[in-house]
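One structure below.
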Amino acid sequence: MGLTQTLATSLSGLRAAQSGLAVVAGNIANAQTPGYVAQTSQQIATVSGDVGDSVRVASINRVLDLFVQQQLRTETSGGAYADLRSSLYQQLQEVYGQPGSSTTLDSTFNSFTSAVQALTTSPNSSAAQSQTISAAQALVGQLNGATSTIQQLRTQADQGIANDVQQANTALQQIANINQQLQTSTTSDASTALLEDQRDQYIDQLSKLIDIRTVASGNNQITVFTGSGAQLVGSQAAQLSFTATGSISAAQQWNADPTKSGLSSITLVSPGGGSVDLVTNGSVRSGELAAYLNMRDNVLVQAQSQIDAIASQMSSALSDTTKAGTAVTGPPNGFDTDISGMLAGNTTTVTYTDSSSVQHTINIVRVDDPSVLPLSNSVTTDPNDTVIGVDFTGGLASVVTQLNTALGATGLQFSASGGLLRTTDTGPGTVTVNSVETTTTATTLNGGSGALPLFVDGTAPYTGAITASGAQSVGYAGRIQVNGALVADPSQLVSYQTNTPAGDATRPNFIYNQLVNGSLAFSPGTGIGSSTSPFQGTLSAFMSQVVSMQSLATTAAGNLQAGQDIVVNALQTRFNATAAVNIDTEMANLLTLQNNYGANARVMTTINQMLTTLMQVL
């Protein structure tokens, strides 16, 4: 090898060492920079003929474990989901109070029943009457406040979705921009590694919002997909679309059918203009967005249905009266029942046994808004029953026609006389009508019985009506009030008819018995019980179930958060073990590079002296 070649080789060594020193210096300077990944310079020998005569820097590489990085992003998404869900559950827990404390919903209810119990022993006491009204108002206030808090949490979740969508769109656009820049960059350029660091930071931000997976391709490109496979960004970015609702009410619920939905979905709009509903498709499965959607559309909706069930069942237990029909001896056999007092939402229940000895229950629901027909079986507390919604606006003859049309195939037949509805079989060997009973709602305080509208929907009676705007039960806990006439005259807690004796405990005993001992059926939609076995029990038992269920759910959410945090921290530590800058390692590399630099410099100095001597000789 000649002197000139040796000089060139030493010069390439100096340049390679200088590049390595720059990488080490950059690592040390950015040791505490968030998202910075340690870099190394890869050197290769260049060959002339069969002899390696120089060295050059082939690339500046980042030191990281791609498999661990992908695992970390997956678990980060799960961690963000668990953290946010636990936080929202903690806020929801405040609605019910801590089990065993005096501030829980069931404790407030027990205070009300205690006041009613005191009234049963002293019905003529104005103090006991006033105390009962005050306790009822405290319970109503807690139900109203619970509704307000739940809907505020839903509004908070809805706004959280909007904020996260905005952050996701920013991250997607930045990833696309960096992808475009990296198409023209070279791996030997240190700025390429820095761009990749920036891109990774945006991908990491995105992983907190939604579950993602990444696919690397040529030219330093990264394509990002949702966990379900929808492409979010490549050389161009898709955009997420979402419109915040503002203040949400209990009646506003998400539905997969956009024409029925009261809340916005998250739509993915591709660069080409195509769109897909990520919520309807189940594409949002983890991350903050999944947590917000789950709380807004499931957990908090169910929480509202639970307190609505408490409010509606408590109202109905005190105001509804069920009367059995009068037997009709035939043939045909059946029952007469008075339906003249039925209001929208009131029911007539028919129980019969078919020719195969199978028993059936039919709930005939009065409807004054025919636009809601036909009704779903889910409108009753037991969805296993058959529900028939009947439009009463056309009169009794129309009611009979509708019933015969809807139920003629069962073997039942209907007729009417005056205000009586007659339900019978169609003759020997057909069905057997076991019972018919009608439930009506008391709307006045002097109805001649213990039943009374102690609680009302604003100023209107609660009947469970179903209209085009929805079921009256939805959001009722936020509207329930103590009857204003009782607030003005608490003595009507005792007086149920003209000239009721001052010490008559008939009505107080009725109220107490219904509140404490009344066995009520609750819809499976509350999350208590199931569709095959709906929860049936007292109001107090149901409230205890609700408070206990929410407490367990809050604890479970906290445990999930703690477990997920451990996993994320462990993966972060494992990732940092490779990717983070190790100062000791960098100092060792620095000494090696300095020695290499010095050695090449001495070779160049020696060659320079030799060339100088040679020139002097010549």
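The values are calculated or read from the model by the stated rules, or taken from the named source; none is laboratory data. All values derive from a computational prediction rather than experimental measurement. Glycine gets a Cβ as well: all are built from the backbone with ideal geometry, and neighbour counts include every protein chain shown.
What the table shows:
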| item | result |
| --- | --- |
| Of the criteria (1) closer than 28 Å to SER449 by Cβ; (2) surrounded by fewer than 23 Cβ atoms within 10 Å (Cβ to Cβ); (3) not charged (D, E, K, R), which one ASN281 fails | (1) |
| Pair list, Cβ < 6 Å and 6+ apart or interchain, from region 578-607 residues that are farther than 30 Å from LEU66 by Cα to residues that are at pLDDT below 70 and surrounded by fewer than 15 Cβ atoms within 10 Å (Cβ to Cβ) | ILE607/LEU3 |
| Residues located in region 485-535, provided they are under 13 Å from ALA317 (Cβ atoms) and not in a loop (DSSP other than H, G, I, E, B) | PHE510, ILE511, TYR512, ASN513, GLN514, LEU515, VAL516, LEU520, ALA521 |
| Flag if LEU560 is surrounded by 14 or more Cβ atoms within 10 Å (Cβ to Cβ), among the aliphatic types (A, V, I, L, M) and either within 26 Å of ALA138 (Cβ to Cβ) or over 26 Å from the mean Cα position of the chain (by Cα) (or both) | no |
| For THR223: the one exception among (1) loosely packed, with under 14 Cβ neighbours inside 10 Å; (2) free of Cβ contacts under 8 Å to residues at least 12 places away in the same chain; (3) more than 30 Å from PHE535 (Cα to Cα) | (1) |
| Unique residue being of a type outside the set (Asp, Glu), surrounded by fewer than 17 Cβ atoms within 10 Å (Cβ to Cβ), in contact with an Asp or Glu (Cβ under 6 Å, 6 or more places away or on another chain) and assigned to a loop (DSSP other than H, G, I, E, B) when the list is ALA251, ALA244 | ALA244 |
| Residues satisfying the stated conditions in region 522-531, i.e. in contact (Cβ under 8 Å) with a residue 60 or more places away in the chain and surrounded by fewer than 17 Cβ atoms within 10 Å (Cβ to Cβ) | SER531 |
| Selected residue (only one of GLY282, GLY341, GLY330 is small (Gly, Ala, Ser), without any contact (Cβ under 8 Å) to a residue 60 or more places away in the chain and in a loop (DSSP other than H, G, I, E, B)) | GLY282 |
| Flag if GLY598 is on the phi < 0 side of the Ramachandran plot, loosely packed, with under 13 Cβ neighbours inside 10 Å and assigned to a helix (DSSP H, G or I) | yes |
| Residue match in region 108-131 (condition: within 26 Å of the chain's Cα centre (by Cα), surrounded by 19 or more Cβ atoms within 10 Å (Cβ to Cβ) and hydrophobic (A, V, I, L, M, F, W, C)) | no |
| So PRO524, is it at negative phi and in contact with a strand residue (DSSP E or B) (Cβ under 9 Å, 6 or more places away or on another chain) | yes |
| Set ALA216, ALA176: member being buried (at least 16 other Cβ atoms within 10 Å of the Cβ) and at negative phi | ALA176 |
| Some residue of region 416-436 being free of Cβ contacts under 8 Å to residues at least 40 places away in the same chain and surrounded by 14 or more Cβ atoms within 10 Å (Cβ to Cβ) | yes |
| Search result, residues across region 93-105 that are outside any loop (DSSP other than H, G, I, E, B) and either over 26 Å from LEU293 (Cα atoms) or in contact with a Leu (Cβ under 6 Å, 6 or more places away or on another chain) (or both) | TYR96, LEU105 |
| Criterion (surrounded by fewer than 22 Cβ atoms within 10 Å (Cβ to Cβ), modelled with pLDDT under 90, farther than 29 Å from GLU196 by Cβ and touching a strand residue (DSSP E or B) at 6+ places or on another chain (Cβ under 7 Å)) met by exactly one of GLY100, GLY52 | GLY52 |
| Selection within region 367-395 - without any contact (Cβ under 8 Å) to a residue 40 or more places away in the chain, farther than 21 Å from PRO524 by Cβ and not in a loop (DSSP other than H, G, I, E, B) | PRO370, VAL390, ASP391 |
| Residue that is nearest to ILE307 (Cα to Cα) [pool: residues in region 239-264 that are at pLDDT 95 or above and more than 18 Å from the chain's Cα centre (by Cα)] | SER241 |
| ASN255, sole failed condition from (1) under 30 Å from LEU72 (Cβ atoms); (2) free of Cβ contacts under 8 Å to residues at least 24 places away in the same chain; (3) among the polar types (S, T, N, Q) | (1) |
| Which listed residue, of VAL367, VAL372, VAL456, VAL436, is at pLDDT 90 or above, within 30 Å of GLN492 (Cβ to Cβ) and touching a Gly at 6+ places or on another chain (Cβ under 9 Å) | VAL456 |
| Qualifying position, being under 30 Å from ALA128 (Cβ atoms), within 37 Å of the chain's Cα centre (by Cα) and not basic (Lys, Arg), among GLY518, GLY503, GLY525 | GLY518 |
| Of all residues making up region 344-374, the number that are over 20 Å from ARG422 (Cβ atoms) and surrounded by fewer than 18 Cβ atoms within 10 Å (Cβ to Cβ) | 11 |
